[in-house]
Amino acid sequence: MEPVRERLIRVTFNADTHASIQWNFRPQQSEIYVVPGETALAFYKAKNPTDKPIIGISTYNVVPFEAGQYFNKIQCFCFEEQRLNPQEEVDMPVFFYIDPEFAEDPKMAKVDLITLSYTFFEAKEGQKLPLPGYQ
């Protein structure tokens, strides 16, 4: 994979929690700059401020939607249950890259900002979230 050095992209990070979960959840950085074809590492922080263990599960989205096909996560905490004990706080890494083909797509010519957004929900025993694109 060859980095496309002349194409700088700002990636911003967003964190939300559904009303069903009592966690504090936030990105540890508001933004980073990457070039297509270069890996990047970002972190989110989650804390369970309650006095009981809580299991959470997250979904994500990429904006603009059309850029999502070029946003590749190598390592991520999404769609996997995360158990936090009372007062526990953890760092959650996201290791990703933007496919170099991003720079060749005419529809992406004016895109210089991509937002990665996660939402955490409380996981109920036996409940499975649908994976995007899979039935």
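Numerical summary
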{"read-out": "Pairs beyond 28 Å (Cα-Cα), from Lys45/Lys124; Lys45/Lys110; Lys45/Lys107", "value": "Lys45/Lys110; Lys45/Lys107"}
{"read-out": "Of Tyr60, Ile32, Leu8, farthest towards positive along the dipole that unit charges on Lys, Arg, Asp, Glu beta carbons give the chain", "value": "Tyr60"}
{"read-out": "Relative contact order (%) - criterion: Cα under 8 Å, at least six apart; region: the chain", "value": "34"}
{"read-out": "Beta bridges by DSSP in the chain, antiparallel share as percent, to the nearest 5", "value": "80"}
{"read-out": "Integer Hz, Karplus 6.51/-1.76/1.60 couplings in order for the range 36-48, x for Gly and Pro", "value": "x, x, 10, 6, 9, 10, 10, 10, 10, 10, 10, 9, 9"}
{"read-out": "For the range 57-103, convex hull volume per residue from C-alpha positions, Å³", "value": "84"}
{"read-out": "Mean shadow area of the range 1-113 over all directions, Cα convex hull, nm²", "value": "7.1"}
{"read-out": "Per residue accessible area in Å² of the range 1-124, where ligands, DNA and RNA are left out and the probe is 1.4 Å", "value": "54"}
{"read-out": "Of all accessible heavy-atom area on the chain, the percent that carbon and sulfur account for (1.4 Å)", "value": "48"}
{"read-out": "Environment charge of Lys45, counting only residues whose C-beta is closer than 12 Å and scoring Lys/Arg +1, Asp/Glu -1", "value": "-1"}
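The values are calculated or read from the model by the stated rules, or taken from the named source; none is laboratory data. Everything quoted here is computed from the prediction, not taken from an experiment. Positions of Cβ are backbone-derived with ideal geometry, glycine not excepted, and every protein chain shown enters the neighbour counts. We work out accessible area using only protein heavy atoms, side chains counted, and drop any ligands, DNA or RNA first. Shrake-Rupley method; radii C 1.70, N 1.55, O 1.52, S 1.80 Å.
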